Every structure is written in structure tokens, then in C-alpha cells.
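The values are calculated or read from the model by the stated rules, or taken from the named source; none is laboratory data. No experiment lies behind these values; they were computed from the predicted model shown. Positions of Cβ are generated from backbone atoms using ideal geometry, with glycine treated the same way; all protein chains shown enter the neighbour counts. Just so you know, the surface numbers come from the protein's heavy atoms only, side chains and all, with ligands and any DNA or RNA stripped out. Shrake-Rupley method; radii C 1.70, N 1.55, O 1.52, S 1.80 Å.
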Amino acid sequence: MKHIAEAGTRHFGVLAHSWEGGSLCFRTFCQEGFAELGDHRHPDVTLDCIAFGGSMAAWDAGDHDSIRRTLATSVERLARAGAEFFACPDNTAHLALERPGPDLALPGLHIAEVVADHAQRNGHRRVGVLGTRYTMEGAVYPRSLAARGIAAEIPGADDRRTVNEIIFSELVAGVFTEESRKEYVRVIERLAARGCDAVALVCTEIPLLVTPEVSPLPTLDSTRLLARAALDVSLGRRPMPTWRGGPI
């Protein structure tokens, strides 16, 4: 049976590094496609996921180059499946994707650039950043936000440990508890007290725990913002990305 693609759309590749985040991006892309194109219709989309358990020792050692090679393999597989561009809904993975190296097999959207653009359009001036300890303590979000005149704030050391522990012991395994939700709300309240006017949920699973209804601050949901940006590319409303890994 011959494959029939949606006319005039571009094939999107989801580069997943954790299954919960990758699934949320995939699902959002398809749901938004239904809203645009009608029931049961969306641009072609392929998801590739190499289990990140094999990369945890490298993350702990700060060996981002080996992680980049693993992610590059996923991008190559997406290209072979027919994808024309990719996006990675794992924020921490961008620490590795930004490492110097050979061009990735496809051009990709950069999640921090998408989130920072949205924050700028909404007029935010000071944004709290919640994610893994690698993301909170890394340069990806402070750089992208600062380039748009927006300050980045991260939780204190104890709160960073709490946020990170909940991600790796619960969220990435699909476990979402009321106790952990309350802990995150408490951390966001502290960021609000420090002058933040929004909070960026930049671990792909956090929006499944902290919804806009319970957050003390407006939320910037990195996963869903990325999926919607990808749909805009697929439908021709946003230019094809040009980034192929490496420093922004």
C-alpha cells in the first residue's frame, strides 16, 4: 500500500531521550494537528528513542561528547525514516547537542530558543528555571533568555536537589504524586518571592505534574511549546530550522 503524506507538510522527527517527554511531544504534535487539519489528520511524524539509561554514567561524569554521539545516531535513524527536521523535547540533552561535532543528519529546532522566544513575546522579564540539576546549573537557558533581555533564576541548592531527585526517581518513570506536586509548588512560590514573573518547566515531564492551574506563576511548558513550533514548521508557518547541533 502506497503511503500518502499530508499534502504540503513536512515530516517531523521527535528525538526522544526519555520516553515520557518524547511521548508528550509526540502526542501534543498529533493533537494540535487534529485541530488544524481535522480529525485523525496530522503531518507525518516519527519518534526515535534510545533508552537514556545507557547514558546516565556519562551524564554523571560530564561526558557530553559520548551522549552527543548517541543522540546523533537517533537523528540519523529519523533521517532514514524520512523526517525532514527534528526537535528534541529533552532540555538536558541540549547540553550534549550543543557540543562541537559533525553536523547532525537533520536540521533541528532548539528547545531553549523556542521557550525564550515565547517568554519574550509574553513580556516576561525574570523567569525561574526548573529542570534536572544539569539543566538548572547549565548555561543553556541563562544564555537563551539573556539574549532576549530576560533574567534567569534557579532555585537554591536544597531545592535544586529536591527538584532533581523527584525527576529521576518519579517523573521519568511516569510516577506523579500529590506530595511531589506540593514540593514543586513550594519551590515555585520561592521563585515568585524572588521576583520571577514566570517559571519555565524545562524538564519535559514537569508539566505533567505541575499544571497551570496549580502553579503560583505562569508556566512556560517547554515540551508543548516545542511541539507547537514543530507543527508550525510542518505546516509552513515557521521557517525550516538551520541548526544542526553545536553551539548556538
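No other residue among VAL214, VAL175, VAL202, VAL233 is under 21 Å from LEU47 (Cβ atoms) and more than 15 Å from the chain's Cα centre (by Cα) apart from VAL233. Of all the criteria given as (1) charged (D, E, K, R); (2) in a loop (DSSP other than H, G, I, E, B); (3) modelled with pLDDT under 90, the one not satisfied by ARG10 is (3).
Table: residues versus (1) in contact with a Pro (Cβ under 8 Å, 6 or more places away or on another chain); (2) within 30 Å of ARG238 (Cβ to Cβ); (3) at pLDDT 95 or above.
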{"site": "LEU97", "(1), (2), (3)": "no, yes, yes"}
{"site": "HIS110", "(1), (2), (3)": "yes, yes, yes"}
{"site": "ASP117", "(1), (2), (3)": "no, yes, yes"}
{"site": "VAL127", "(1), (2), (3)": "no, yes, yes"}
{"site": "LEU145", "(1), (2), (3)": "no, yes, yes"}
{"site": "ASP159", "(1), (2), (3)": "no, no, yes"}
{"site": "VAL163", "(1), (2), (3)": "yes, no, yes"}
{"site": "SER169", "(1), (2), (3)": "no, no, no"}
{"site": "ARG186", "(1), (2), (3)": "no, no, yes"}
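ASP90 passes every criterion in (1) modelled with pLDDT under 95; (2) surrounded by fewer than 23 Cβ atoms within 10 Å (Cβ to Cβ); (3) under 27 Å from ARG238 (Cβ atoms) apart from (2).
Here the range 56-74 is the region considered, the condition is being in contact (Cβ under 8 Å) with a residue 24 or more places away in the chain and among the aliphatic types (A, V, I, L, M), and the residue that is surrounded by the fewest Cβ atoms within 10 Å (Cβ to Cβ) is ALA72.
For the range 72-90, a tally of residues being assigned to a loop (DSSP other than H, G, I, E, B) and closer than 23 Å to ARG224 by Cβ returns 5. For the range 152-171, filtered to residues that are open to solvent by less than 30 Å² (accessible area, probe 1.4 Å) and outside any loop (DSSP other than H, G, I, E, B), the residue that is nearest to LEU208 (Cα to Cα) is LEU171. Here the range 25-55 is the region considered, the condition is being open to solvent by less than 60 Å² (accessible area, probe 1.4 Å) and in a loop (DSSP other than H, G, I, E, B), and the residue that is modelled with the lowest pLDDT is GLY38. Where residues in the range 105-127 are farther than 19 Å from PHE85 by Cα and in a helix (DSSP H, G or I), which of them is most open to solvent (accessible area, probe 1.4 Å)? Within the range 105-127, the match that is most open to solvent (accessible area, probe 1.4 Å) is ARG121.
In the range 172-248, counting only helices (runs of 4 or more DSSP H) that sit wholly within it, the ones holding 2 or more residues that are more than 24 Å from ASP158 (Cβ to Cβ), open to solvent by 10 Å² or more (accessible area, probe 1.4 Å) and not acidic (Asp, Glu) span 222-234. The residue pairs whose first member lies in the range 226-245 and is of a type in the set (Ser, Thr, Tyr), whose second member is modelled with pLDDT under 95 and open to solvent by less than 40 Å² (accessible area, probe 1.4 Å), and whose beta carbons are closer than 6 Å, counting only pairs six or more residues apart or on different chains, are SER234/THR9; SER234/PRO43.
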